[in-house]
1. Scan the stretch 298-322 residue by residue and report those that are closer than 13 Å to Lys443 by Cα and buried (at least 20 other Cβ atoms within 10 Å of the Cβ).
2. So, of the residues in the stretch 360-387 that are under 16 Å from the mean Cα position of the chain (by Cα) and closer than 16 Å to Asn411 by Cα, which turns out to be surrounded by the most Cβ atoms within 10 Å (Cβ to Cβ)?
3. Checking the structure you have, find out if any residue of the stretch 250-258 is out of contact with any Ser or Thr (no Cβ under 8 Å at 6 or more places or on another chain) and buried (at least 23 other Cβ atoms within 10 Å of the Cβ).
4. Tell me which residues, restricted to the stretch 311-328, are under 19 Å from Gly204 (Cα atoms) and in contact with a helix residue (DSSP H, G or I) (Cβ under 6 Å, 6 or more places away or on another chain).
5. Please go through the stretch 1-17 and pick out each residue that is of a type in the set (Lys, Arg) and in contact (Cβ under 8 Å) with a residue 40 or more places away in the chain.
6. Considering each residue of the stretch 218-232, count those that are surrounded by fewer than 24 Cβ atoms within 10 Å (Cβ to Cβ) and either touching a helix residue (DSSP H, G or I) at 6+ places or on another chain (Cβ under 6 Å) or in contact (Cβ under 8 Å) with a residue 40 or more places away in the chain (or both), and give that number.
7. Of all residues in the stretch 271-309, how many are assigned to a strand (DSSP E or B) and over 30 Å from Glu450 (Cα atoms)?
8. Quick one: would you say Asn180 is among the polar types (S, T, N, Q), in contact with a Ser or Thr (Cβ under 6 Å, 6 or more places away or on another chain) and at negative phi?
Amino acid sequence: MSETKILLSEKEMPTKWYNIQADMPNLPKPALNPMTKQPAGPEDLSPIFPMELIKQEVSGERWIEIPEEVREIYRLWRPSPLCRARRLEKALDTPAKIYYKYEGVSPAGSHKLNTAVAQAYYNKAEGIKRLSTETGAGQWGIALSQACNFFGLECTVYMVKVSYQQKPYRRSVMEIFGANCIASPSNQTNCGRQILEKDPESLGSLGMAISEAVEDAAGRSDTNYSLGSVLNHVCLHQSIIGLEAREQLAKADAYPDVVIACCGGGSNFAGIAFPFAHDKIVNGAKVRLVAVEPSACPTLTRGHYGYDFGDVAGFTPLLWMYTLGKDFMPPGIHSGGLRYHGASTLVSQCIHDGIAEAFAYGQTDTFKSAVLFAKCEGVVPAPESSHAIHHAVVEAVAAKEAGEARTILFNLSGHGLLDLPSYDTYLAGKLEDYPLPEESLKKALEKLPEV
C-alpha cells in the first residue's frame with residue numbers, strides 16, 4: 001500500500017463515536033445554571049437542545065452508536081483520506097514523517113459537517129422545524145446550512161461581522177443552501193441592538209453571535225439552538241476523525257509521536273486527539289497531543305481556568321473552562337474560527353491535567369507555513385488549519401535538529417479556497433500580528449462571574 005494516501009473502505013468507517021468522558025481521570029466541573037449557580041439539568045437545556053443531545057452531553061458511555069441516517073450522509077465524503085506530506089518533508093529536510101488527516105474533502109469544505117449532520121438529525125427526530133446558530137469564519141455556518149437542507153429544516157446563521165465582511169463567499173454558500181445569514185451584532189435581537197448602541201462599529205465576536213443565536217432560539221417554540229464547537233456532544237461527533245486516522249496509520253504500520261490541531265472552541269482538536277488520548281490514558285501510549293491557537297486570542301495558553309459564560313450576554317450556562325473573559329474582544333485576525341474567548345470544558349480539563357498541551361502563534365508565521373504547505377502539497381489550507389501546519393513544521397524542524405525520526409499527525413480541518421482575500425493580504429505584506437498585551441488580558445478578566 002502507498003503511504004502517500006491511506007484510505008479506508010466505506011465498510012471500515014466507524015459505526016460508533018468515542019466519548020472521552022468514560023476515560024478521563026478527572027471530569028470537568030458541571031455546567032451551572034447562571035441564575036441559581038446550581039448544576040444545570042435537562043430542564044435548563046431542553047428549551048434550546050433536543051433531549052438526545054442533552055443525554056450525550058452528560059453520558060459516561062465510552063461508545064455511542066452513530067445512527068444509520070447520519071452514516072448514510074457521512075458516506076458522501078467519509079472515510080476522509082489520511083495523506084503523507086512527503087514533499088513537505090523533503091522541503092524541510094527532516095527525518096520526521098508528516099501525516100495529515102484531510103477534512104476539507106467534505107461538502108462543507110471542513111470538519112464541521114461531522115457534527116452538523118448529527119445535530120440536524122436529532123433535532124428533526126424531535127420535531128424541530130428551524131435551527132439558529134452563530135459562525136465565525138463561516139465553516140460552521142456552511143455546514144449547518146447544508147445539514148439543515150439535507151433534513152428539511154430552516155436555518156438562521158449569525159455570522160461575526162468581521163468575517164461576514166472578510167469572507168463574503170462563505171455567506172454565499174450558506175444562502176445557496178437556503179440559510180438566512182445575518183452579520184452579528186445585528187438589529188435582529190435585543191442583545192445585538194444593545195451591543196450596537198454601545199459600539200456601532202463593533203467587529204463582532206463569537207461570544208456576541210452566540211448570544212444572538214441563543215436569544216433567537218429561546219424566543220420561538222419551533223426553533224432550537226445549534227453549536228458548532230465547545231460542547232461535549234460536538235466533541236463526541238468529531239471523534240470519528242481520530243478513530244479513522246488511528247486505523248489508517250495502522251495500515252501504514254505507524255503511530256504518531258505527536259498529534260496536532262488548531263483550537264478555537266476545541267472540537268476539531270478533540271476530534272483528532274481524543275481517540276489518541278484514550279490510548280494515552282488507558283494504555284499508557286507515549287503520544288503528545290498539541291492544541292494550537294492564535295497569540296491574539298490565547299485562551300489555553302494565557303486564559304483563566306474557572307467558570308465563565310459561553311456568550312457575551314450571559315444566556316448560556318456557566319462553563320468550567322479556560323477563558324479570556326466573556327467581554328474579551330479579539331482583534332480582527334483572519335482565522336475567524338479561532339476568535340473565541342473560551343474553550344471546550346473537556347479540552348480545557350485535558351490541558352489542565354497535562355494530558356494535552358497548547359501553543360500560540362502569530363498569524364504571519366502561520367500564513368507563511370500555510371503557503372509552504374500549499375506549494376508542497378497542492379492544498380490551500382484554511383487560515384485556522386494553518387496553525388496546526390505551522391506547529392507541525394516546528395516539530396519537523398525540531399526532529400531534524402535532534403536527529404530523530406518523529407511521526408507527526410495533524411488535522412487539516414478545512415480548505416482555504418474561500419479565504420483567498422486573507423491570502424491576498426498576506427502576499428501583499430499587509431498582514432499584522434496582534435500579540436495580546438498583558439494589561440488587556442487583565443482588563444478582560446476583571447468581570448469574571450463570582451461562583
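1. Gly303
2. Once the filter is applied, the top-ranked residue is Ser385.
3. no
4. If the condition is that a residue be under 19 Å from Gly204 (Cα atoms) and in contact with a helix residue (DSSP H, G or I) (Cβ under 6 Å, 6 or more places away or on another chain), then Asp311, Val312, Ala313, Phe315, Leu324, Gly325, Lys326, Phe328 are the ones that fit.
5. Lys5, Lys16
6. The number of residues fulfilling the criteria is 6.
7. Here the count works out to 3.
8. Taking the combined requirement at face value, the residue satisfies it.
The values are calculated or read from the model by the stated rules, or taken from the named source; none is laboratory data. These numbers were taken from a predicted model, which means no experiment stands behind them. Here the Cβ is made from the backbone with ideal geometry for all residues, glycine too, and neighbour counts use every protein chain on show.
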